[in-house]
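**Student:** Structure below; questions to follow.
The values are calculated or read from the model by the stated rules, or taken from the named source; none is laboratory data. Quick caveat, the model's predicted, so the values are computed rather than measured. Neighbour counts run over all protein chains shown; Cβ positions are idealised from the backbone, glycine included. Heads up: the accessible areas ignore ligands, DNA and RNA and are worked out on the full protein's heavy atoms, side chains in. Shrake-Rupley method; radii C 1.70, N 1.55, O 1.52, S 1.80 Å.
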Amino acid sequence: MSAILDIKNLTVTLQQSPGVVPVLENLSFSVKAGKTIALVGESGCGKSMTALAIMGLLPDGFQIAGGSIALEGQDVAKLPGDALRQLRGNRMSMIFQEPMTALNPVYTVGDQISEALRLHQGLSRQTARERAIAMLRAVQIPAPERRIDAYPHQLSGGMRQRVMIAMALACRPRLLIADEPTTALDVTVQAQIFDLLREMQQDIGTAIVLITHDLSAVADITDEVAVLYAGRCIEQGPTATILNQPQHPYTRGLIASVPHLRLGLAAAQPSEALEEIPGMVPGLGKRGPLCGFAPRCRYSAGPCLEAPPPTTGTGSHQVACWHPQGEAA
């Protein structure tokens, strides 16, 4: 089965005085039809920047400096703006992280959902409205026939989040990027949204890139995980393998900070206090060629301070670390 999304050696840079600052470095992963990959890591690791690069929505000053982003074999990184607009909201869609600002305040939510349907699928105004009502119903918005004529400021944060999801799913995209899609939703609605995503995957084979801090969601709905740190992928593999047999100290630290996931680690005991990863993700311009996690890592020594870590592993599970599994230096 060929990949819906295939990213190879993606490099994104930021032009700053006096030079160029790397933001993403040689990032590679793929997602097949009907599968979900999670991008995890702390804020500032490059997850949302990866999504914006895929969608062709990088902010001013940022640019793709290398690599490819293939959507069903077509390198979207090389497409002009007009061609990208034909893809966005149609073959590829994104649920943006902040519903408070992502919706246009001067148009009703119904108009905003219908716009993509009329533009990309050629539906009439009435048919697009009916489809928009159906999408609002699918994302569990009560009284969708009335809410469709509401403006964003008339809806709660959770409802606006669900409108964003309805917009992204309206044209039944081949690729869906979900950037923290359920942060404003309670657990019951979150489960319903995940069920909706699964149904869409089974129906049309949508590939999903899920960006999240919620490792419980990762365990629940994803097939693979890519752990990002300081703009690099430091560990990647099947979800069950990553959660149960993490190799990189950073991955182990993320899992150990979640009460009901840390118990899968051999070293964890129910009575132990939750672990905390000391320090912070290095900012742009403060990342060197060596291991970016070394200043925060308890195992950092020797080669960690001398050369970039090698990527090793077996099969689909790869890790970039001098001391996988926390081996002594």
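**Student:** Quick one: which of L39, L58, L84, L24 is within 16 Å of the chain's Cα centre (by Cα), touching a residue at least 24 places away in the same chain (Cβ under 8 Å) and surrounded by fewer than 19 Cβ atoms within 10 Å (Cβ to Cβ)? Before the answer, list the steps.
**Tutor:** Working: L39 fails: surrounded by fewer than 19 Cβ atoms within 10 Å (Cβ to Cβ); L84 fails: within 16 Å of the chain's Cα centre (by Cα); L24 fails: surrounded by fewer than 19 Cβ atoms within 10 Å (Cβ to Cβ).
The conditions single out L58.
**Student:** Sort out which residues of segment 189-232 are of a type in the set (F, W, Y) and either open to solvent by 40 Å² or more (accessible area, probe 1.4 Å) or without any contact (Cβ under 8 Å) to a residue 60 or more places away in the chain (or both), and write them in order of number.
**Tutor:** Of segment 189-232, the ones of a type in the set (F, W, Y) are 194, 229.
Hit for segment 189-232 is F194, nothing else.
**Student:** Separate question: Filtering segment 87-111 down to residues that are open to solvent by less than 20 Å² (accessible area, probe 1.4 Å) and without any contact (Cβ under 8 Å) to a residue 60 or more places away in the chain, which residue is farthest from S30 (Cα to Cα)?
**Tutor:** Here the residue is T108.
**Student:** Return the total of residues in segment 65-76 being aliphatic (A, V, I, L, M) and surrounded by fewer than 19 Cβ atoms within 10 Å (Cβ to Cβ).
**Tutor:** Residues of segment 65-76 aliphatic (A, V, I, L, M): 65, 69-71, 76.
Restricting the remaining residues to those that are surrounded by fewer than 19 Cβ atoms within 10 Å (Cβ to Cβ) gives 65, 70.
Number satisfying all stated conditions: 2.
**Student:** Filter segment 115-159 down to the residues that are open to solvent by less than 40 Å² (accessible area, probe 1.4 Å) and closer than 23 Å to R198 by Cα and list them by number.
**Tutor:** Answer for segment 115-159, where residues must be open to solvent by less than 40 Å² (accessible area, probe 1.4 Å) and closer than 23 Å to R198 by Cα: A116, L117, A132, I133, M135, L136, A138, V139, I141, P144, G158, M159.
**Student:** Restricting to segment 192-216, name every residue that is hydroxyl-bearing (S, T, Y) and assigned to a helix (DSSP H, G or I). If you could, list the steps in order and put the result at the bottom.
**Tutor:** Step one: list which residues in segment 192-216 are hydroxyl-bearing (S, T, Y), which gives 206, 212, 216.
Matches in segment 192-216: S216 only.
**Student:** Looking at V163 and the list (1) open to solvent by less than 10 Å² (accessible area, probe 1.4 Å); (2) assigned to a helix (DSSP H, G or I); (3) under 30 Å from N244 (Cβ atoms), which single condition is not satisfied?
**Tutor:** With (1) open to solvent by less than 10 Å² (accessible area, probe 1.4 Å); (2) assigned to a helix (DSSP H, G or I); (3) under 30 Å from N244 (Cβ atoms) applied to V163, the lone miss is (3).
**Student:** In segment 276-302, how many are open to solvent by 80 Å² or more (accessible area, probe 1.4 Å) and either assigned to a loop (DSSP other than H, G, I, E, B) or modelled with pLDDT under 90 (or both)?
**Tutor:** Start the filter on segment 276-302 by keeping residues that are open to solvent by 80 Å² or more (accessible area, probe 1.4 Å), which leaves 276, 280, 286, 289, 295, 298.
Okay, now just the ones that are also either assigned to a loop (DSSP other than H, G, I, E, B) or modelled with pLDDT under 90 (or both), so 276, 280, 286, 289, 298.
Here the count works out to 5.
**Student:** Moving on to the next point. Could you please find all residues in segment 312-328 being surrounded by 15 or more Cβ atoms within 10 Å (Cβ to Cβ) and either outside any loop (DSSP other than H, G, I, E, B) or hydrophobic (A, V, I, L, M, F, W, C) (or both)?
**Tutor:** Keep residues of segment 312-328 that are surrounded by 15 or more Cβ atoms within 10 Å (Cβ to Cβ), which gives 313, 317-324, 326.
Matches in segment 312-328: G313, H317, Q318, V319, A320, C321, W322, P324, G326.
**Student:** So which helices (runs of 4 or more DSSP H) are wholly in segment 40-158 and hold at least 3 residues that are not hydrophobic (A, V, I, L, M, F, W, C)? I'd like the intermediate steps shown before the answer.
**Tutor:** Details: elements: 47-55, 81-87, 99-102, 109-121, 125-138, 144-147.
The helices (runs of 4 or more DSSP H) meeting that bar are 47-55, 81-87, 109-121, 125-138, 144-147.
**Student:** I'd like to verify a number: residues in segment 171-188 that are under 22 Å from P142 (Cβ atoms), open to solvent by 10 Å² or more (accessible area, probe 1.4 Å) and assigned to a loop (DSSP other than H, G, I, E, B), how many? Before you say what the answer is, go through the steps one by one.
**Tutor:** Residues of segment 171-188 under 22 Å from P142 (Cβ atoms): 181-188.
Among the residues that remain, those that are also open to solvent by 10 Å² or more (accessible area, probe 1.4 Å) are: 182-188.
Narrowing further to those that are assigned to a loop (DSSP other than H, G, I, E, B): 182-186.
So the answer is 5.
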